[in-house]
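What follows is one structure encoded as structure tokens, with my remarks underneath.
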Amino acid sequence: MGKRLLFLTTLTALLLSSVVWAQRHNALDIYFVDVEGGQSTLFVSPSGESMLVDTGFPGERDATRIAAVAKGAGVSQVDYLLITHYHGDHVGGVPELAMRIPIRTFVDHGPTTDQSLGVPQSYQSYVSVRDKGQHQHIVAKPGLKLPIKGIDVEVVSAATELISRPLPGAGAANPLCSEFQPKDEIKDPLLGGENAQSVGTVISLGKFRMVDFGDLTWNHEHDLACPRNLIGTADLYLTTHHGQNISGLPMLVYALHPRVAIMNNGAKKGGASDSFQILHKAPGLADLWQLHYAVDAKDLNSPEEFIANPDETTAHYIKVKAQSDGSFTVTNSRNGYHKEYPPRS
């Protein structure tokens, strides 16, 4: 009887261990790195292949932070580096990062014609790394699927072009479109140029879906949402353009019906009051997590446990672990606070 009990106990332990192993290794891990209001998001697929979206600002600071997060995630090389566009807060960290971790494949929207905001310098610094050595280079086009084992990554915007057909399960008429008010892209250069060129993607693992549109601008977001919602719904929404009010079109955000939003803002960059108001009104949104406390929107910030960095003295990240059934867990690395979100009913 004792041997039988020992056998059953051992078998149960092995089964539980295999379940835990499967949950850990069949998950998509996503790390939102604090680059002080730029963007850098690391994806580690169940296969172990990695994709890094953007590299933050020039200099050692952001490259060092990204490399540290990658090391903690067990990533020894970046299999795919996707650059959404060539502004310095997204592409600036490439030269320093390339000295810290190997990069296999570069993905971008192709050449730039933007001569403003230091873009030519940022672009040339990036190209000098991309075109050196034996790196692969992929020019993103709407409809392209990146060959990352274990997850689906589909490009929905690039070089001002957008997908023309709805993704599977999408395509419903958007009743909010009649309320659209376009912004003047001629008067405000931030509404055109490189921001409008942003490579936007939908990242999926089974039933779990996340969207990252880079800094795609208001008028271009409209064409993803109106007159039909070409994207469908998403479980996780990375706020477009760091939560600035020249992006984050409500017709698109509401149509996505996200359960969680993550704002990659800085203390004084992004996190505009208008963007907070839109998110707070988003139907079905359970929580908004922030990389930083937004100084200019004091009364609209999420509760303290949902904010990774209360000021600019720290560099904590936010981690998402997603399962193929659509469930996911969000964790604040500063305080260990985490929350589980079940699959959609």
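What the table shows:
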| read-out | value |
| --- | --- |
| Selection within segment 303-345 - in contact (Cβ under 8 Å) with a residue 60 or more places away in the chain and assigned to a strand (DSSP E or B) | Ala308, Asn309, Ile318, Lys319, Val320, Lys321, Ala322, Phe328, Val330, Tyr341 |
| Among residues of segment 82-134, those that are surrounded by 14 or more Cβ atoms within 10 Å (Cβ to Cβ), at pLDDT below 95 and closer than 24 Å to Leu144 by Cβ, counted | 1 |
| Restricting segment 156-187 to residues that are β-branched (Val, Ile, Thr) and surrounded by 10 or more Cβ atoms within 10 Å (Cβ to Cβ), the residue that is nearest to the chain's Cα centre (by Cα) | Val156 |
| Scope segment 277-302; condition touching a helix residue (DSSP H, G or I) at 6+ places or on another chain (Cβ under 7 Å) and part of a strand (DSSP E or B); matching residues | Asp287, Leu288, Trp289, Gln290 |
| Only one of Ala294, Ala234 that is under 27 Å from Phe57 (Cβ atoms) and small (Gly, Ala, Ser) | Ala294 |
| Residue under evaluation Arg334, criteria (1) within 24 Å of Pro46 (Cβ to Cβ); (2) in contact with a strand residue (DSSP E or B) (Cβ under 9 Å, 6 or more places away or on another chain), criterion not met | (1) |
| For Pro147: the one exception among (1) surrounded by fewer than 20 Cβ atoms within 10 Å (Cβ to Cβ); (2) closer than 26 Å to Gly72 by Cα; (3) in contact with a strand residue (DSSP E or B) (Cβ under 6 Å, 6 or more places away or on another chain) | (3) |
| Filter result (under 21 Å from Leu205 (Cβ atoms) and free of Cβ contacts under 8 Å to residues at least 40 places away in the same chain) within segment 139-165 | Gly143, Leu144, Lys145, Pro147 |
| Count of segment 258-276 residues which are assigned to a loop (DSSP other than H, G, I, E, B), under 17 Å from Glu221 (Cβ atoms) and touching a Leu at 6+ places or on another chain (Cβ under 8 Å) | 2 |
| Hits in segment 257-275 - residues which are surrounded by 20 or more Cβ atoms within 10 Å (Cβ to Cβ), touching a helix residue (DSSP H, G or I) at 6+ places or on another chain (Cβ under 8 Å) and among the hydrophobic types (A, V, I, L, M, F, W, C) | Ala261, Met263, Ala272 |
| Any hit, segment 314-333, residues being over 19 Å from Ala68 (Cβ atoms), among the hydrophobic types (A, V, I, L, M, F, W, C) and touching a His at 6+ places or on another chain (Cβ under 9 Å) | yes |
| Selected residue (criterion: surrounded by the fewest Cβ atoms within 10 Å (Cβ to Cβ)) from residues of segment 37-68 that are under 15 Å from the mean Cα position of the chain (by Cα) and more than 20 Å from Val155 (Cα to Cα) | Gly37 |
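Rundown of residues vs (1) within 17 Å of Ile203 (Cα to Cα); (2) of a type outside the set (D, E, K, R); (3) out of contact with any helix residue (DSSP H, G or I) (no Cβ under 8 Å at 6 or more places or on another chain); (4) assigned to a loop (DSSP other than H, G, I, E, B), yes/no style:
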| position | (1), (2), (3), (4) |
| --- | --- |
| Glu36 | no, no, no, yes |
| Thr84 | yes, yes, no, yes |
| Arg100 | no, no, no, yes |
| Gly110 | no, yes, yes, yes |
| Ser122 | no, yes, no, no |
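The values are calculated or read from the model by the stated rules, or taken from the named source; none is laboratory data. Just so it is clear, the model here is predicted, and its values are computed rather than measured. Because the Cβ atoms are built from the backbone with ideal geometry, glycine has one as well, and the counts that use them run over all protein chains shown.
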